[in-house]
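In what follows, a structure is listed as structure tokens, so that the remarks can point back to it.
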Amino acid sequence: MKALILVGGYGTRLRPLTLTVPKPLIEFGNRPMILHQVEALAAAGVTDIVLAVNYRPEVMVATLKKYEAEYGVNITFSVEEEPLGTAGPLKLAEEILKKDDSPFFVLNSDVICEYPFAELAAFHTAHGGAGTIVATKVDEPSKYGVIVHDISTPNLIDRFVEKPKEFVGNRINAGIYILNPSVIDLIEAKPTSIEKETFPQLVEKRSLYSFDLEGYWMDVGQPKDFLAGSALYLAALTKKKSAKLASLTEEYVNVGNVMVDATAKIGKGAKIGPNVVIGPNVVVGEGARIVGSVIMANSIIKEHALVKNTIVGWNSEVGRWARLEGFTVLADDVKVKDEIYVNGGKVLPHKTISANVEKESIIM
């Protein structure tokens, strides 16, 4: 089988982290985002993976070559000279995606879930249509484009309703599809939206179905959602009793759902959790408090600092008695001085913060 991952361009929504690291290689749960997807695709029998990119693919080549060998897959880059939307990349990668008659997966690189690729493929084959959209249920469908089903045929999509004012359903497009190669014939070689241009054609042909996603789902393409997605991921690991999580018997675990890399060092009296990921070679000082946050590799959280709802990027340092909150994001190599308060700051790489940041702002 084959798959295409829509990686896109600059990763602007996840800045300032993406100023130094391409979005697919940013660690989610202490593993590059793209690795979660490659691993799940390989486990479902996918042998050819295309990454649709339009920005700096060379930075990712070495890492992804390693995954090729480890998971027995062929990974190729399809580089767009101009952004082609969500359907154009399929046409650009036509040679690989149509090399045989088997269907292919399409997914957005920002989407984190439990990736039921094998079940999705079986469902798609059984209904015989040209395409299947993975659907996730939401509490407030009025914020989204909602899937409405045909009343006579289970899972057959009848139409899409954008931000409905009245309730018509609670299932939305989760950004994961499986399509027959024939769908590519509906796409022109130009910037095209699969949601607005290709899917309506399949609906008209009564050939587009939906598959309900079980478990968690999140688009983690911006900092607030990245942290929310991390919490959902950790909760799912807790439900599975995964060995990746820190034991509740560890003195530093204040509340559960905590992941700490084996190389990290946690000081006496530090309290971590809930919903915290601590990366490789991180040092957490005595009495520090970390809640709802991600601390990336080689960073230092000094004594008695409070880090709450924050992403601390690589090689950064948070001073003694400093306080970070409000979805603050520190990029690579940022230093926050002792006793400094940062609330909602987005701090670019190689900066030193020596004065309080009391409201959401970009520190350049």
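The values are calculated or read from the model by the stated rules, or taken from the named source; none is laboratory data. Since the model is a prediction, treat every value here as computed from it, not as a measurement. Don't worry about glycine lacking a Cβ; one is built from the backbone with ideal geometry, like all the others, and counts go over all protein chains shown.
Considering only residues that are surrounded by fewer than 19 Cβ atoms within 10 Å (Cβ to Cβ) and β-branched (Val, Ile, Thr), which ones fall in the range 3-54?
Thr12, Thr20, Thr47
Please go through the range 179-206 and pick out each residue that is part of a loop (DSSP other than H, G, I, E, B), in contact with a strand residue (DSSP E or B) (Cβ under 9 Å, 6 or more places away or on another chain) and buried (at least 19 other Cβ atoms within 10 Å of the Cβ).
Asn180
Out of the residues in the range 76-107 that are at pLDDT 90 or above and assigned to a strand (DSSP E or B), which is nearest to Leu41 (Cα to Cα)?
If we take residues in the range 76-107 being at pLDDT 90 or above and assigned to a strand (DSSP E or B), then Phe105 is nearest to Leu41 (Cα to Cα).
Take the conditions over 19 Å from Gln222 (Cβ atoms), in a strand (DSSP E or B) and either modelled with pLDDT of 95 or more or assigned by TED's automatic domain parsing to the domain that holds Gly229 (or both) and apply them to Ile311. Does it pass?
Against the criterion (over 19 Å from Gln222 (Cβ atoms), in a strand (DSSP E or B) and either modelled with pLDDT of 95 or more or assigned by TED's automatic domain parsing to the domain that holds Gly229 (or both)), Ile311 does not qualify.
Applying the selection to the range 114-144, what residues are in a strand (DSSP E or B) and loosely packed, with under 15 Cβ neighbours inside 10 Å?
Lys137
Looking only at the range 264-294, how many residues end up being surrounded by fewer than 23 Cβ atoms within 10 Å (Cβ to Cβ), β-branched (Val, Ile, Thr) and over 17 Å from Ser316 (Cα atoms)?
1
Report the residue count in the range 1-49 for those that are farther than 17 Å from Leu107 by Cβ and among the aromatic types (Phe, Trp, Tyr).
Residues flagged as farther than 17 Å from Leu107 by Cβ and among the aromatic types (Phe, Trp, Tyr) within the range 1-49 amount to 1.
Given Val161, Val134, which one is hydrophobic (A, V, I, L, M, F, W, C) and either without any contact (Cβ under 8 Å) to a residue 40 or more places away in the chain or farther than 26 Å from Leu6 by Cα (or both)?
Values: Val134 fails: either without any contact (Cβ under 8 Å) to a residue 40 or more places away in the chain or farther than 26 Å from Leu6 by Cα (or both).
Exactly one of Val161, Val134 is hydrophobic (A, V, I, L, M, F, W, C) and either without any contact (Cβ under 8 Å) to a residue 40 or more places away in the chain or farther than 26 Å from Leu6 by Cα (or both), namely Val161.
Take the residues in the range 55-79 that are under 21 Å from Ile112 (Cβ atoms) and β-branched (Val, Ile, Thr); name whichever of them is surrounded by the most Cβ atoms within 10 Å (Cβ to Cβ).
For the range 55-79, the residue satisfying everything is Ile75.
Picking from Glu140, Glu95, which residue would you name as being over 22 Å from Lys196 (Cα atoms), among the acidic types (Asp, Glu) and without any contact (Cβ under 8 Å) to a residue 24 or more places away in the chain? Working first, answer last.
On the way: Glu140 fails: over 22 Å from Lys196 (Cα atoms).
After ruling out the rest, the residue left standing is Glu95.
Report, by residue number, each residue of the range 240-272 that is more than 24 Å from Thr328 (Cα to Cα), of a type outside the set (A, V, I, L, M) and modelled with pLDDT under 90.
Result: Lys240, Lys241, Ser242, Lys244, Ser247, Thr249, Glu250, Glu251.
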